[in-house]
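Here the structure comes first, spelled out in structure tokens, and everything after it is commentary.
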Ligand code: UDP
């Protein structure tokens, strides 16, 4: 599949058209960003690691019946995906208190949650991705009630599948962000699933294996991503 017209550049990926109008090529960049793009750095090989990690997660989820935009890995940095109409709502799933939830509610990071928490954020850096509830989403016509119910159902199922898959590899799934889009009347899981969009803690040591290493200047960012990929490739 040949790269066609350059379509869009995000903080971590570039998107290109292909000769097939129903498919795009996503190219993963080495750029790491945090705090709505205020902190920015190139980390050699990060794009390759995230493309490989996301491809493995998408393939696993697809096998388990989750409809995703993933078609196939094309190269070390590129994957072929379905051309979605992205719904501009980030769906955050949380199993353990961390990050903005710890700050917002004054809770200690690492506190377990009695049940899974779902949050919605508007995808808008200029507004710092403000939190939304179901009423906002419908009133602003970001998604219909039916689409929202499907996104919630899929997000919770993805959480169960990822949690089990990672637990076998001694990784705790703390929280993560998903994006969805419309394709042929269906809702598909889009964007990426990687250490850029999830919090992964080593089950033994609690060591962070995700973008918090970059956000918090802990060092060893790509080493941690490589460790995640190594564990995902282990046959379990
Ligand atoms: N997240 C993301 N993109 C965003 C916001 C959050 O991928 O724009 C992910 C983040 O990596 C974490 C989870 O969603 O795994 C929850 O993030 P949180 O709300 O704690 O925000 P943050 O700590 O990123 O400010």
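No value in this document is a laboratory result; all are computed from the given coordinates. Note that the structure is predicted; figures quoted are calculated from it, not measured. Glycine gets a Cβ as well: all are built from the backbone with ideal geometry, and neighbour counts include every protein chain shown.
Of the residues contained in region 182-194, none is found to be within 12 Å of the ligand (Cβ to nearest atom), free of Cβ contacts under 8 Å to residues at least 60 places away in the same chain and either over 21 Å from residue 116 (Cβ atoms) or not in a loop (DSSP other than H, G, I, E, B) (or both). Scanning region 126-159 for residues that are under 24 Å from residue 59 (Cα atoms) and surrounded by 12 or more Cβ atoms within 10 Å (Cβ to Cβ) returns 147, 148, 149, 150, 151, 152, 154, 155, 156, 157, 158, 159.
Would you point out which residue out of 224, 203 is buried (at least 21 other Cβ atoms within 10 Å of the Cβ) and without any contact (Cβ under 8 Å) to a residue 60 or more places away in the chain?
Values: 203 fails: buried (at least 21 other Cβ atoms within 10 Å of the Cβ).
From the options 224, 203, the qualifying one is 224.
Restricting region 105-114 to residues that are exposed (fewer than 11 other Cβ atoms within 10 Å of the Cβ) and farther than 18 Å from residue 200 by Cα leaves a set whose member that is nearest to the ligand (Cβ to nearest atom) is 105. Scan region 32-44 for residues that are within 14 Å of the ligand (Cβ to nearest atom) and in contact with a helix residue (DSSP H, G or I) (Cβ under 9 Å, 6 or more places away or on another chain) and jot them down. Within region 32-44, 32, 33, 34, 35, 36, 37, 39 qualify. Note on region 95-104: residues that are near the ligand (Cβ under 8 Å from one of its atoms) and either in contact (Cβ under 8 Å) with a residue 60 or more places away in the chain or within 30 Å of residue 20 (Cα to Cα) (or both) amount to 3.
Among the residues of region 154-180, just one is in a loop (DSSP other than H, G, I, E, B) and within 13 Å of the ligand (Cβ to nearest atom), namely 179.
Of the residues that sit in region 60-74 and are in a helix (DSSP H, G or I) and closer than 12 Å to residue 193 by Cα, which one is nearest to the chain's Cα centre (by Cα)? Before the answer, list the steps.
The initial filter retains those residues of region 60-74 that are in a helix (DSSP H, G or I), namely 60-63.
With the extra rule that they be closer than 12 Å to residue 193 by Cα, the set shrinks to 60-61.
Values: 60: 14, 61: 13 Å.
The extreme case among them is 61.
Scanning region 201-217 for residues that are more than 13 Å from residue 32 (Cα to Cα) and either within 14 Å of the ligand (Cβ to nearest atom) or assigned to a helix (DSSP H, G or I) (or both) returns 201, 208, 209. For region 47-94, residues that are within 19 Å of residue 179 (Cβ to Cβ), within 16 Å of the ligand (Cβ to nearest atom) and touching a helix residue (DSSP H, G or I) at 6+ places or on another chain (Cβ under 9 Å) total 9.
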